[in-house]
Amino acid sequence: MKIFLITKKHILFFVIIIFLLIGSFSLFSSQASLIVSANPYSILSEDTANKITNLPKAKEKVAYLTFDDGPSPNVTPKVLDILKEENVKASFFVIGKYVDSYPEITRRTYEEGHFIANHSYDHDNKILYKSESSFIDEIKKTDLAISNAIGVEGYSSHIFRFPTGYMSSHHKSQKKDCVKLLAQMDYTYIDWNCLNNDSMKKYSKEQLLNNLKKTMKGKDTLVILMHDTKFVSDSSTALKESIQYIKSLGYTFDNFYSIF
């Protein structure tokens, strides 16, 4: 009968193997959790799609801060700093070509727990509504830009915001057709129900806050439109005061991750 002697070398070998297996499992788990957080669902259910689109009509006292048209190097980092200070998570409707230009800002936005949603690649209605294939391409190119920026393969937010909003009368018939295309792509859309008019004209910090106060009156759930650019007004200048005012009214803040 052979006697197998376990030496110190054998023990060391088995310990190393166990550590390697644990490390591999931990890496796999962390990558899996990242993908789950990026894609909270594989298929968008009809109920969830309707809940998202009708969120501005909801009755819960929750505020959803949404920022359109970024990322921009001058404003988005300032917005992110303020959101971190105020412990608020927001949702960013990004333009694909700017994501390609500033991937590090998009990655920071994502890694800090904010929701990254789709706002078309070019933000140009002539391109967006040129044809069905052009509309689809604008969505897919933006998803790919986000995927590359955040390092998550196959990312899709499943939430789109039409440039100028679905509620706008511009390109109304095309938008109706595009809603069907969105559904085929496991996408839905959302507008807003209050805003500070930062894209309308040059406003002061006080005026931006007052604009927001006026448009949020009488509403339960707030879906707030702002822009993380300074093409017209710079919302970052009034963001802290806006958040603190909304908190003072008893609202809690959330982003679109909570809906799924």
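The values are calculated or read from the model by the stated rules, or taken from the named source; none is laboratory data. This structure is a prediction, so every number in the text was calculated from the model and none was measured. No Cβ is skipped: glycine too gets one built from the backbone with ideal geometry, and neighbour counts run over all protein chains shown. Accessible surface is based on the protein model in full, side chains and every heavy atom, while ligands, DNA and RNA are left aside. Shrake-Rupley method; radii C 1.70, N 1.55, O 1.52, S 1.80 Å.
Within the stretch 216-260, if we keep just the residues that are aromatic (Phe, Trp, Tyr) and open to solvent by 10 Å² or more (accessible area, probe 1.4 Å), the residue that is nearest to the chain's Cα centre (by Cα) turns out to be 257. Among residues that are among the basic types (Lys, Arg) and either within 30 Å of residue 251 (Cα to Cα) or out of contact with any helix residue (DSSP H, G or I) (no Cβ under 9 Å at 6 or more places or on another chain) (or both), residue 141 is not included. Total residues in the stretch 140-157 satisfying the condition of being part of a loop (DSSP other than H, G, I, E, B) and open to solvent by 10 Å² or more (accessible area, probe 1.4 Å): the figure is 4. Any residue at all in the stretch 95-118 that is buried (at least 24 other Cβ atoms within 10 Å of the Cβ) and in contact with a His (Cβ under 6 Å, 6 or more places away or on another chain)? The answer is yes; a qualifying residue exists. Just one of (1) within 14 Å of residue 109 (Cα to Cα); (2) surrounded by 10 or more Cβ atoms within 10 Å (Cβ to Cβ); (3) at pLDDT 95 or above fails for residue 38. It is (3). Exactly one residue out of 210, 197, 193 is closer than 27 Å to residue 101 by Cα, open to solvent by 20 Å² or more (accessible area, probe 1.4 Å) and among the polar types (S, T, N, Q): that is 197.
Right, residue 253: assigned to a loop (DSSP other than H, G, I, E, B) and not acidic (Asp, Glu) or not?
no
Residues in the stretch 163-178 include at least one that is assigned to a loop (DSSP other than H, G, I, E, B), of a type in the set (Gly, Ala, Ser) and in contact (Cβ under 8 Å) with a residue 12 or more places away in the chain.
Just name the residue that is least open to solvent (accessible area, probe 1.4 Å) out of those in the stretch 121-139 that are in contact (Cβ under 8 Å) with a residue 40 or more places away in the chain and over 20 Å from residue 100 (Cα atoms). My answer is 129.
With the requirement that a residue be open to solvent by 20 Å² or more (accessible area, probe 1.4 Å) and not β-branched (Val, Ile, Thr), what does the stretch 79-94 give you? Lay out the reasoning, then the answer.
To start, the set of residues in the stretch 79-94 that are open to solvent by 20 Å² or more (accessible area, probe 1.4 Å) comprises 81-82, 84-87, 89.
Those that are open to solvent by 20 Å² or more (accessible area, probe 1.4 Å) and not β-branched (Val, Ile, Thr): 81, 84, 85, 86, 87, 89.
All conditions in (1) of a type in the set (S, T, N, Q); (2) assigned to a helix (DSSP H, G or I); (3) surrounded by 16 or more Cβ atoms within 10 Å (Cβ to Cβ) hold for residue 72, with the sole exception of (2).
Please indicate, with yes or no, whether at least one residue in the stretch 221-243 is over 24 Å from residue 74 (Cβ atoms) and in a loop (DSSP other than H, G, I, E, B). The answer is yes; a qualifying residue exists. If the condition is being part of a helix (DSSP H, G or I), over 18 Å from residue 225 (Cβ atoms) and not acidic (Asp, Glu), then the stretch 81-108 contributes 84, 96, 97, 99, 101, 103, 105, 106, 107, 108.
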